[in-house]
Amino acid sequence: MTPAGLAQLEDELRTLKTIERPAVIRAIAEAREHGDLSENAEYHAARERQSFIEGRVAELEDVISRAQVIDVSTLTGDQVRFGATVTLADEDSDDEVAYTIVGAHEADIKSGRMSVQSPLARALIGKHVGDAVEVTTPGGSKSYEIVDVRFG
């Protein structure tokens, strides 16, 4: 994962531990004061939220502890690797699109960050500027030409 991706996960973990967790504990305590817990919707909603928070905290702690951080600003070349921003030209329409290949936990295709585990990223890894790749997508087969590879 990139340093920015790790920082984002650490920020989410810190927010869950320092803000969300204490807030849900207060909500559970308030709901308990209302009496009969079996018919108390506030109590059940707060407990469900607490369960989600604890699960997400455990997941984030696991991901962060196993993270391999790669500083893409030190990478160079025209070969597609993790951290590369790749500009592709659709061979059918000549439309160009750029994606940065990032870790699965920081992927956001709307922001141009594609998971290294995605079919397109796997097809691109190891290729160079000028190479063509063909990828099978849910909408059918697509062909792209690699126009540019940048790092950092």
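Structure above, values below:
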item: Scope region 82-102; condition of a type in the set (S, T, N, Q) and over 14 Å from residue 130 (Cβ atoms); matching residues; result: 85, 93, 100
item: Single condition residue 101 does not satisfy, out of (1) within 19 Å of the chain's Cα centre (by Cα); (2) not in a strand (DSSP E or B); result: (2)
item: Criterion: farther than 16 Å from residue 149 by Cα and either modelled with pLDDT under 85 or not β-branched (Val, Ile, Thr) (or both) - qualifying residue of 128, 105; result: 105
item: Flag for residue 86 being surrounded by 17 or more Cβ atoms within 10 Å (Cβ to Cβ) and either assigned to a helix (DSSP H, G or I) or in the same structural domain as residue 17 (by TED's automatic domain parsing) (or both); result: no
item: Residue count for region 125-152, restricted to those that are in contact with a Lys or Arg (Cβ under 9 Å, 6 or more places away or on another chain) and not in a loop (DSSP other than H, G, I, E, B); result: 7
item: Any hit, region 55-75, residues being outside any helix (DSSP H, G or I) and closer than 20 Å to residue 144 by Cα; result: no
item: Residue match in region 32-52 (condition: within 20 Å of residue 109 (Cα to Cα), modelled with pLDDT under 90, of a type outside the set (Ser, Thr, Tyr) and more than 20 Å from the chain's Cα centre (by Cα)); result: no
item: Residue 122, sole failed condition from (1) in a helix (DSSP H, G or I); (2) buried (at least 17 other Cβ atoms within 10 Å of the Cβ); result: (2)
item: Residues (under 23 Å from residue 62 (Cβ atoms) and touching a helix residue (DSSP H, G or I) at 6+ places or on another chain (Cβ under 6 Å)) located in region 22-35; result: 24
item: Every residue from region 89-120 that is of a type in the set (A, V, I, L, M, F, W, C) and either within 26 Å of residue 59 (Cα to Cα) or in the same structural domain as residue 59 (by TED's automatic domain parsing) (or both); result: 101, 102, 104, 107, 109, 114, 116
item: Among (1) assigned by TED's automatic domain parsing to the domain that holds residue 20; (2) surrounded by 13 or more Cβ atoms within 10 Å (Cβ to Cβ); (3) closer than 20 Å to residue 3 by Cα, the one test that residue 80 misses; result: (1)
item: Where residue 14 falls short, out of the listed (1) of a type outside the set (Gly, Ala, Ser); (2) part of a loop (DSSP other than H, G, I, E, B); (3) not assigned by TED's automatic domain parsing to the domain that holds residue 130; result: (2)
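The values are calculated or read from the model by the stated rules, or taken from the named source; none is laboratory data. This structure is a prediction, so every number in the text was calculated from the model and none was measured. Neighbour counts are summed over all protein chains in view; Cβ atoms, including those assigned to glycine, are modelled from backbone coordinates with ideal geometry.
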